[in-house]
Amino acid sequence: MNLPNALTLVRIFLVPLLVAALVQQSMRVDIGGRTVVANDFFALIVFLAAAATDMLDGYLARRWKQITTVGTLLDPIADKLLISAAMISLVQIRMLPGWLVILVIGREFAVTGLRSIAAGEGYVIKASELGKTKMVLQVAGVALIMMSVRWPLLHPYALFAMWAVVAFGLWSAIDYFWKFWRVLDEGVKQRRRLELIEMDRNKRKLDRATRALDQEQGTGPDPSQSAIIR
């Protein structure tokens, strides 16, 4: 296993730790009976570390030319697990409204489904710049929400960032839908064109076979007689 794939797996394994740090108030780092890192800061550190592996594994995979099928499959799964787990945990501790998280996660499922269908048709819909911007905003928004647990004054700004996440997410989803429709439409037209060509070819073969059979059985016109009549 190469390093980029190992970093992706580390990000997946950090997800349960992140959830535990967010929902368990007793999860903290104590030294000498004194709390050094509270659970909210611990969760923030885990989340930012996991997000850093997302940027690092992609950079290393491209730089070292270690892009593999396993990495291509696991990387988006790890991203969605991280963001979804963080947001659902923040809903549980009443720092995010549930409907907003449903919009974000629903968008992820819809886009993943579209890309899977397109891949099944032999087309690859690459991540758009809007999608990448959405991921950066998600990390920033979730980090601000976690920080607002300790500093409530940040909560309005954190919610504004989450609204930006929803806006960019829906915008990028529309972009993905448009790409999917264009790819699917072109694919259907191409298949229909090939089917018509194949039908015409088969019809010509059938006509030639029918004429040859008629000539063998003497039921069709004799070419020599046709020449005499002319």
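The values are calculated or read from the model by the stated rules, or taken from the named source; none is laboratory data. Predicted model only: the values in this text are computed from it and were never measured. Heads up, the Cβs are rebuilt from the backbone with ideal geometry, glycines too, and the neighbour counts pull from every protein chain shown.
Table: residues versus (1) on the phi > 0 side of the Ramachandran plot; (2) among the aliphatic types (A, V, I, L, M); (3) out of contact with any Leu (no Cβ under 9 Å at 6 or more places or on another chain).
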position: 46; (1), (2), (3): no, yes, no
position: 51; (1), (2), (3): no, yes, no
position: 67; (1), (2), (3): no, yes, yes
position: 81; (1), (2), (3): no, yes, yes
position: 85; (1), (2), (3): no, yes, no
position: 91; (1), (2), (3): no, yes, no
position: 100; (1), (2), (3): no, yes, no
position: 107; (1), (2), (3): no, no, no
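Restricted to the range 103-120, and to residues there that are at pLDDT 90 or above and under 23 Å from residue 21 (Cβ atoms), the residue that is surrounded by the fewest Cβ atoms within 10 Å (Cβ to Cβ) is 105.
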